[in-house]
Amino acid sequence: MEILLVLDSMNSLHFIHIYILLISSLLVTNSHPYPSYQDCSPVNCGNSIIKFPFQIDVSPQCYGDYRNIASVSCHNNDTTLFCGSYEDSYFCPPEICLKVLGGITQLSYNTRTIRIAPQWLFNCSISIDKLQYGEYFDLNDFLSPFNLSDKYTVGTVLTCEKQIPFTYKRVRCLGCEEENKLCFFVNGRMRVSYVDGTCNSTYVVVPADKNFNISAERNLRQFLQRGFEVTWNYNISKPCKSCEASGGLCYFGPDEMDDEMDACICRNNVHKYNCSDGEPKNVKNKGTTVLKTVAKLVFGISIMALMFSVIIYRLINERTKRLREEEDMRAYMDSTDPRPASMENFLHGGMPTRYSYAQIKKYTNNFAERLGKGGFGAVYKGKLPTGCLLAVKIIEKSKHSQKQFMNEVATVGTIHHIHLVRLLGFCLEGSKRALVYEYMANGSLEKYIHEEGDGDLRDGKHTMDWKQLYSIAMGTARGIAYLHEECRSRIIHCDIKPHNILLDANFSPKVADFGLAKLADRDESHVSLTAARGTPGYVAPEVWSRNVGPVSDRSDVYSYGMLVMEMVGKRKNLDLQASKSSQVYYPKWAYKQVEMGEFGRLREGNIMDEEDENIVKKLSVVGLWCIQYKPCDRPPMSKVIQLLEGNIESCCVPPFPFPVNTVTQSDPTSSSSSI
């Protein structure tokens, strides 16, 4: 007990020490609160000029890190770009914010374009196999406000020990000494776990020109050293443009919530608007009067007295608080524990950016544009000061809203994948809760595959072809496989359905809505649920009846299979208004068509060519394998990806996926007794 009190005393003294430093900073007078023109003037480095909105590493006092879109270092006339957005980087750890993106070879402020050459291409000591873990370079670093130029596209170079059974393009290897390796190029991003365990994958950026032949490059590494172009979309305000046009430099001041320019730093003075407005600011002896000094001293002493008055309370409360936090986490991770977990304690730690409710209202323009409404609350469109679009979900207060909120932050808030929707931040202020996501321009998959979608969709203005549907099915499978097999803890989504598959501007799918997700240790084969969860029609049989089998990641596989069947039929699986009674429950009717090889009949009124029919065959066979009644008969998501990528001719038609003489929640047309 004495040891604990000593530790608590050390924590409390550390806490008081911080306040002493803060108070001391109030008492220090400053005769010149603005930086000088020399401190903030543009820096020449090599053939580039570094200025706002980039932060040169020798002048952090000029603009404030939160307003700069990236940091740039200059050593021996070589410029290096580091990742870090001013909206996020102020709060994230240095090892993330200061990750090297590459050397700058060209920089244009007029076109807002940077040409970057990844540094690992110039350093033979960096092993190629380390690049697959993003240790030196990761294309996912280029997030808003950065965008890859339309002139370039992303690809994957596979470095293998042997020939692989795929028809990928042969290319020169990227390593400096890889004479005994075989290398292949694949369009887009691909993980080696989907190809061959002896291969390594390296993401590269290549020209998007259709006439470009990467196989013809004799030295691919030297070709890639030319770099690629990245654009940024940061908008400079009109007052700042006016200041820079007059030869001045924009200064925003220390208030991170204030987006207005505070002053224009000119060569000989500090002005309010621009260097020729005739309104110089008074910067002499600001805050040095005796009265202000005495006021600050009194304020500081009052704060110190308040701090010492609560020190005894902190000594007693510290240990109790620590024990309560441990109990909260145990209660959250154990679904059978009846004790409620404290929200504040749970969110204390390395979570996404926390926003105030005032910020949420500002970013959504006081909730002006509503995008839709889900099971847990309404979703509104928003916009960060950087121009980055947002989707803000306002969580409605209910019996289960706290756990659903914690579920969402604990899962998608701590993982990142190209096919998982990104949680940018959250709000927890009193009874107000909100989740801030990246904006998905094309909404949910549901409105594209169900006939009761938007008017434009019913009129065929946004009809998806079979190649798009195949790409969406593949991307969704990769996102779910990442949750099941590549996260530190196995994550079971528990609510896979078309409404929770969102599409970005390029119709790339992202799995969303983790409010019902369940976490499990990687060595656990199944999980326990105190109550059924999910959406009827997509929920696996074992969720409703434990006699079928345990709830596991194969329950998500079943939901994915139901989703794929709806993509194939472009209708809901259960349609009581179907033209024929045999087609009321689509999966059962579709199985008979697949069994007879009548793939062209799977979508009513759709004319298919040979290529389309092959896609339909692949999707329908995979979908029927996924909805097998027993969990042990369903393939894992990694196998689903292999089936979708491979030759479907080698895959046999699955067994009849529905139980005989039973009624399930998925098939209400069955006529026998309930399970």
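Numbers below:
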item	result
Segment 527-620: radius of gyration over Cα atoms, expressed as a fraction of 2.2 N^0.38 Å	1.23
Gyration tensor (alpha-carbon) shape descriptor, segment 383-436, a/c threshold 1.5	oblate
Cβ-based exposure ranking for K432, K51, in which fewest neighbours within 10 Å come first	K432, K51
Calculated P(r) of segment 347-439 - Cα pairs past 23 Å, %	17
Fewest-first ranking of I415, I449, I316, using other Cβ atoms within 10 Å as the exposure measure	I316, I415, I449
Lysine pairs in segment 347-439 with Cα atoms under 22 Å, if 8 or more residues apart or on separate chains	29
Cα shape, segment 482-549, gyration tensor, a/c 1.5 rule	oblate
Shape of segment 442-675, Cα gyration tensor, a/c cut at 1.5	rounded
Footprinting exposure proxy for V622, V43 (fewest neighbouring C-beta atoms within 10 Å first)	V43, V622
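Just so you know, all these numbers are worked out from the coordinates, no wet-lab data involved. Since the structure is predicted, the reported quantities are computational estimates derived from the model, not experimental observations. Note that we place each Cβ from the backbone using ideal geometry, even for glycine, and neighbour counts take in every protein chain shown.
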